[in-house]
Structures are given as C-alpha cells and as structure tokens.
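Inspection log for the structure reproduced underneath, given as structure tokens.
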Amino acid sequence: MSRPSLWRPLFLTGMMGAGKSTVGKLMASRAAVVFVDLDRRIERVTGRGVATLIAGGVDVFRRWEHAALRSLVAEPGFTHLGSVVATGGGVVEDPRNLVLMRSAGAVAYLAVPIEILVQRLSRDTEQASRPLLDPGSLRESIVWRLAERESAYNTADLRVDGGQAPAQVVDRILAAVRERT
C-alpha cells in the first residue's frame, strides 16, 4: 500500500478537544511527513508552558503564537515540504495567522459537535492541561468560544467531521487532500 502524499503543509484547526494533535500525529505518521505541534513550538521558543504564558495574559500568548507560526512558515523549505501542523484552538482569532497558514499550505477545520467536545474535555486530565477552560461551566465556555471562532474556522480549505475516531478523521482528511490534488 502506498503512502498518501502531502506535498505542502497542512494546518489543522478546530476547538480544543477537536483532536488536532492526536489526528495530526497519526496523519503525519501515515503520510511519512513531519508533525509540528504549534503549542510545543511556543513552549520551546519561550521556555515556558502554555498555561504559564496564558496566565500572563491571553494577548501575550496570542503574540507568541503568531511569532511561532510566522517563524515556522519562514523556515527555509518549509512551504515545499509535506508536514502536518496542529495549531491551538484560538490561532484563528488573529486574521494574520490565517493569511500565514494559507500562504504556506492548506487549512483543515476539524469540526466536532459540542456534546463530543464536552465529553472529551470533561476528563480531569484534559481540564488540567487547558487553561482557557472554565470547568464550572464547561459547556457554556465551549459554546461561547466556538461562536466566537466559528466564522474563522469556516474559512478553512477543508472541513472535516472530527467527531469520529482519529483513524477515520485521518482517512477523511487524506481523501479530501487527494481530491484537491
């Protein structure tokens, strides 16, 4: 069986809990390309965890997020290499990030129903690693953030149902990528 070809970067967007990192790792492995987690890149660049950066102010974190994305896209050869990039859920809040991602490759939105996001994010381990979650009103927090971001998410080149098992989501994304090439 031949490996699917991703000849340009593919940026995965969607709400926290949409599975961007899980799907991204699996997809990069199956396509034999590089996987980049933008949040981990921010942590490497700053020497601080995402939660610590957000505690210093969401605006500060968003500036770091934009800088990390900008530096990734500017790396020599990046736009000509296949890769899968898992972004943070709020990356779309800065319109400059959408421009950067589109200039370098394609953007895929992992659309996940709210009830599935609530189920995924209600685990204690998830809540501990998600500083923007309000565990007291988890569902309302998700609904509010999704409403705030949905129009930007919907500008993605690909929209994929991310509510399925990760392998199925990867299959759908790869099929959509093949159709576009």
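The values are calculated or read from the model by the stated rules, or taken from the named source; none is laboratory data. As the structure is a computational prediction, the values presented were derived from the model and not from experiment. Please note: Cβ atoms are built from the backbone with ideal geometry, for glycine as well, and neighbour counts cover all protein chains shown. Side chains included, ligands, DNA and RNA excluded: accessible areas come from the protein's heavy atoms. Shrake-Rupley method; radii C 1.70, N 1.55, O 1.52, S 1.80 Å.
Can you name the residue in region 134-181 that is without any contact (Cβ under 8 Å) to a residue 24 or more places away in the chain and farther than 21 Å from Val118 by Cβ and is also least open to solvent (accessible area, probe 1.4 Å) among such residues?
That would be Ala175.
Enumerate the helices (runs of 4 or more DSSP H) found wholly within region 15-129, keeping only those where 2 or more residues are touching a residue at least 12 places away in the same chain (Cβ under 8 Å) and open to solvent by 60 Å² or more (accessible area, probe 1.4 Å).
The helices (runs of 4 or more DSSP H) meeting that bar are 20-31, 58-74, 95-104.
Determine, yes or no, whether Arg180 is modelled with pLDDT under 95 and under 30 Å from Leu81 (Cβ atoms).
yes
Hey, does region 140-150 have a residue that's at negative phi, modelled with pLDDT under 95 and not in a helix (DSSP H, G or I)?
No, region 140-150 has no match at all.
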